Every structure is written in structure tokens, then in C-alpha cells.
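**Q** Okay, here's the structure, questions in a sec.
The values are calculated or read from the model by the stated rules, or taken from the named source; none is laboratory data. Worth saying up front: this structure is predicted, and the values here are computed from it rather than measured. For the accessible areas, the whole protein counts, side chains as well, though only heavy atoms, and no ligand, DNA or RNA atoms are used. Shrake-Rupley method; radii C 1.70, N 1.55, O 1.52, S 1.80 Å.
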Amino acid sequence: FPSHDRLIFTSIPECEVMVVDDGSPDGTALICKAMRDDNKRLHLIERPTKNGIGSAYRMAFVWALEQGFDEVIEMDADGSHQVSDLLRMIDVKTMNPEIDLVIGSRWIKGGKTVNWSRSREMLSRIANRYVRIMLGMGVNDATSGFRIYSARILRKIDLSHIRSEGYSFQIEMTRAAYKAGAIIKEVPITFKERTNGVSKMSKRIVQEALFYRDWE
């Protein structure tokens, strides 16, 4: 993340960046603290143990709403999501203020992944097709974690009722936004597999995404 935050601050001068760190062993929190001395728009929430990506997102959303922001961007901090794609997503949101949720999509025309194995790509495609058929939302990449939410739609969602983790968190949030009447737009992105660290993908997370049924 630290290598990306300068790009974000430079490209989007009015943004504030929140990092939620779950006791990362790579020193993320220490780097962020050092960077805050020079940039007061960088914020940090530290959690001593890994409580799950879903609860980290929920905590960040609540913080953003409490701060009174109008738009909330969600993106990975490991370099997988590109600032160039984010700028295009922001342009779409800005030109279409009625849109409540912009999703950076790998699985629409123009979207792609880089450095993914064939098996992982097929797994993601199949999972998203399954979700699209089962839930009928018309979203091609419901597991994408690259998004822009309007604060107005987040306020319509009871975040305390969003319980899932992993990819199913993204599905559950998409479903909650859809049920709240959100206008959803997908924008093609290029997802680049991280070159350092370890992916959070696991069999448990995949099973949760495929078999989580408590959508109502």
C-alpha cells in the first residue's frame, strides 16, 4: 500500500486514505505511522489480531460515514488494483451521480486478470456466474473488492447485519445494495496478482462464497 498511497494522493488530491491493519507481520502499520507525519490525510486503524476482511471493511465503512464523506472507495492495498483504473471508475461515478455503486469488474468486456493461474480464473468465473444466476442481480463480478459506494446507499444498508467474510462479503454487500435500490455500474479493470506476500484466497473462503445462502 505505501507505494500506492502517494499515487492516490497525487492523482486524487481531495481524498483521505484509511488503512485497516490486522496485525500484519510486514510492518504495514509502522510504515503508515511514519508516513502520517508528512501526510495528515492518511489514517490507520490497528487491530491486534486477524478478525477477517469483512469486519475490516465494515469498520472502515462506519468510520467513513462518521466522517461525513459522500463517496467511499474500497480497494486492495497490495498493488492488485490499479490507480489508473480507479481514476476511470471515479470519472464514471462523477459523470453519473445517480449511480450508487461502481464495481471494478474483471469479467466484462475490457476487463482481465494478470498472472492468475487458469484454475483460479475458472474458479472465479464459475463462482460469479453462479452468483449471477442464483441472485439475479445482473452483476458479472460480484466478488470484486474494487468499488466506489455512495454514502447514501451505505446508510441504507444495516452494516451490522453483514456477517460474511472473504469473497462472500462482496457478494453480500452487492446483494444488500441491490435490495436497497442501488443503481450499479460495472467498469472494466485489470487485476494484477500480487508479486509479494500471500493471497488470502483459501478453500474455506471459496466454499463460503459458493455456498453462503442467507441472502435474505
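**Q** Roughly how many Å² is the accessible area per residue of the stretch 1-129, as a whole number, for a 1.4 Å probe?
**A** Accessible area per residue, the stretch 1-129: 54 Å².
**Q** Another question, if that's okay. Determine the alpha carbon to alpha carbon distance for each of Lys40/Lys179; Lys40/Lys156; Lys156/Lys185; Lys40/Lys185; Lys50/Lys156; Lys33/Lys185 and list only those over 26 Å.
**A** On the way: Lys40/Lys179 37 Å; Lys40/Lys156 30 Å; Lys156/Lys185 18 Å; Lys40/Lys185 32 Å; Lys50/Lys156 28 Å; Lys33/Lys185 35 Å.
Going by Cα-Cα distance, Lys40/Lys179; Lys40/Lys156; Lys40/Lys185; Lys50/Lys156; Lys33/Lys185 fall outside the 26 Å limit.
**Q** Could you tell me the ratio Rg/Rh of the stretch 1-133? Both radii from Cα atoms, Rh via Kirkwood.
**A** The Rg/Rh ratio comes out at 0.97.
**Q** Can you pull the Kirkwood radius for the stretch 109-150, inverse mean 1/r over Cα pairs, to one decimal in Å?
**A** 11.5
**Q** Once the Cα atoms of the stretch 42-95 are picked out, what are the Rg and Dmax in Å?
**A** Reported Rg and Dmax, both Å: 13.1, 40.
**Q** Using all Cα-Cα distances in the stretch 120-192, what percent lands in each 5 angstrom bin from 0 up to the longest?
**A** So the P(r) values, bin by bin, are 3, 15, 28, 27, 17, 8, 2.
**Q** Normalized C-alpha radius of gyration of the stretch 47-197, against 2.2 N^0.38 Å? Please list the in-between numbers first.
**A** On the way: Rg = 14.8 Å, N = 151, 2.2 N^0.38 = 14.8 Å.
Normalised by 2.2 N^0.38 Å, the Cα Rg of the stretch 47-197 equals 1.00.
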